1. Before anything else, pin down the relative contact order of the range A:233-342: Cα pairs under 8 Å, at least 6 apart, normalised by residue count, whole percent.
2. Chains A and B: what accessible area do they bury, summed, in square angstrom to the nearest 100, with a 1.4 Å probe?
3. Residues of the range A:184-199 losing 50 Å² or more of accessible surface, assembly versus chain alone, probe 1.4 Å, please list them.
4. Which is farthest toward the positive dipole end of the protein assembly as shown among A:A219, A:L125, A:N287, measuring Cα position about the Cα centre, with Cβ charges +1 (Lys, Arg) and -1 (Asp, Glu)?
5. Please list A:E404, A:E61, B:E28 from largest to smallest accessible area, probe radius 1.4 Å, with all protein chains kept in place.
6. Is the range A:101-232 rounded, prolate or oblate when judged by the Cα gyration tensor, a ≥ b ≥ c being the square roots of its eigenvalues, rounded requiring a/c under 1.5 and prolate requiring a/b larger than b/c?
7. At what distance in angstrom do the alpha carbon centres of the range B:165-236 and the range A:61-138 lie from each other?
8. Along the charge dipole of the protein assembly as shown, pointing to its positive end and built from +1/-1 on Cβ of Lys, Arg, Asp and Glu, which listed residue (B:A206, A:V436, B:N108) has its Cα farthest out?
Amino acid sequence: MNAQSTATKRPARETKSAAATAFINARIIDPASNRDEPGGLVIRDGIIADVGPHLRRNAPEGASVIDCKGHVLAPGLIDAQVFTGEPGYEHRETLKTASHSAAAGGVTTIVVMPDTNPVIDQVSLVDFIQRRARDNAIVHVHTMAAMTKGLKGEEMTEIGLLKRAGAIAFSNGKTSVANTRVMRNVLLYSRDFGALIVHHTEDPYLASSGAMNSGEVAARLGLPGVPKASETILLERDVRLVEMTRGRYHAATISCAESLEVIRSAKARKLPVTCGVSINHLTLNENDIGPYRTFFKMRPPLRSDDDRAAMVRGLAAGDIDIIVSSHDPQDADDKRRPFAEATDGAVGLETLLPAALRLHHSGELPLMSILRAMTINPAKLLGLHSGRLSKGAIADIILFDPGEPWVVNKDLLRSRSKNTPFDESKMQGRVLRTLVAGETVYQYGA
Amino acid sequence: MTNAVAKVETLHFPHRHLLTVEGLSAQEINFLLDLADRNADDNRQAGKKRDVLRGRTLINLFFEASTRTQSSFEMAAKRLSADVMNMNVSTSSVQKGETLIDTAMTLNAMRPDIIVVRHHAAGAVELLAQKIDCSVVNAGDGAHQHPTQALLDALTIRRAKGRVAGLTVAICGDILHSRVARSNIVVLNTLGARVRIAAPSTLLPAAPDRLGAEVFTDMWKAVEGADVVMMLRLQRERMEGSYVPSTREYFHFFGLDQEKLARAKPDAIVMHPGPMNRGVEIASTVADHSSSVIREQVEMGVAVRMAVLEALARNLPKR
């Protein structure tokens, strides 16, 4: 009943004893085992054959050796919220371009959202995504299927059959299910199949015409606001429904301190509730909008810096489980409009890790906590066996230099859309190499 | 509740009405089933008619459309020589705004002996019974009770299996809205069967474990080793996304096909109260298979309703 087929890249196994690759002289960081130490790692047949301090200088005989020069070797990142344009909006992004963008950002697994045209609400469309990803993508691609037909929030989708077809979780994409009865039934029904429900929580009536966070900045800019309560009201409702149904629930991206309180209390009551935060809400705030910069327009909107700091603390405390890029490619034309009329969303796959490293460099978050929220935590949430550097695990690995300074140039992004809020931003930290199932899919400078 | 009117010690069914199966003893149920068993054999003879209800008037008062149950009661009453009147609700004063109670009082004034009532609201039949003098038989009230269905199902099982006690019965489908399930759980438990219910969580009531049955949300597990698989009808308006996503998904996970049936005992029987949605809750191959007793259920329906009318008639005032 729960069989899952995915577009996971299979390790190549043509030859019985394929040549091993050894990464030596590395700083191994593996949040799954709380490991942060000098060491090395050996890959054979797309699988991690060995890892540990004993490999720091010694590579097995016959292995091709890569000297990591003390840089960080970590599990590949898992991004649970990526919007692409395939099918329907291929001019914004395809699975192929998204996967190249991911590889360059050190992301080895992406979960693509159902907000496409047509909406991913049928078995045949999950099949389509898996096939297209298998043929065109260079990282693992999993499908988040729609939980209501057409994302309309009215009738639930074939959650059982979609899960069998490989849907990894269910979401209503960028829209919230306003109808409480529908949400109750989705949670009840999904529980029978052990399916995870991922929900964007925003009361559509309260948030309706809002363009940015409701508050002083919006007041001065003369923009309609999205109150924080629009997020917490729906989140609190959902938690009550989880209490009633015991369905597995994940709040897609929370953005304010009040929401964190809701999550904390739900977890204290041992409810099957988790939550995520987007990299944008950890590193940016409403003041960044400045003179109506539409590349900072998103849902949920950027909040105050107090809220941002609360998100960072929530992550440090483990109340927030995962970090997502919320990668959302949009046309330049749709962004170059008066602020209130511009589309929401920002690309983020390639800047995910460098932006997160800002929190490390500023001393706000330990590197281990940052990586945990992008590796083993999303792996556990989604039931993936990756996200860890353990013997026998699939060799989804990144090598990065946490100190390398560079400046973001949007024109050099691999994403088909260039709507990054980090254009011309100074970053510190860069991915040097990305391996998916033991194969190098990205190498800096190559 | 049934009104116990213990008039004569020797009466085996000392009730004025049959409103619910709740509270009936195994002895009372078996008395009705024994009576019905004989009726079933008689009904297969050429001379089917008896004089038990001669001179008595029965009104079929159906507020909810029904072909099967209404005609089954009509045939049962006619085989016992009663005069039968079918109230067509769509043309009655009910459509003109008359309340349930007023309708009851009006009919009561016509001095019928037995009224058979079906109503879409749970509890409506009991309310009506409080207001009228004659015997009332519940032919289904909302999602509450359908006593004669449970009795005819028990008789069908007893005739097919020789007993009810000790059997494992899996009731599968829309438990939430089913008066058939609620009635069957009670009767089968009273007769000593082990009852399982299986449905997606959206089609289970709150606290389903309190109903007296083992609860499953995985039908494969529910039918494992069952002696009887009883399917329920899924209403069309509940199929497209509100309670279950689609007929396709429902059939896949909760429709009885050969594959799921193979998990039950090799001699398991298949039941359905009808009318069936072929390809939704039951595959045609299963519905028409030799293990299916669905047609026998219809036959037993007439026999059981005759037994109920006969038992109640014995308690009617003599003139």
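1. Computed value for the range A:233-342: 29 percent relative contact order.
2. So the buried area, both faces added, is about 1500 Å².
3. Residues meeting the cut-off: A:Y189, A:D192.
4. It is A:L125.
5. Greatest to least solvent exposure: A:E61, A:E404, B:E28.
6. Taking the square roots of the gyration eigenvalues as a ≥ b ≥ c, the range A:101-232 is oblate.
7. 45 Å
8. B:N108
The values are calculated or read from the model by the stated rules, or taken from the named source; none is laboratory data. Every value quoted in this text rests on a predicted model; they were computed, and no experiment measured them. Methodologically, a virtual Cβ is constructed for each residue, glycine included, from the backbone with ideal geometry; neighbour enumeration extends over all protein chains shown. Surface accessibility is based on the protein's heavy atoms, side chains included, excluding ligands, DNA and RNA. Shrake-Rupley method; radii C 1.70, N 1.55, O 1.52, S 1.80 Å.
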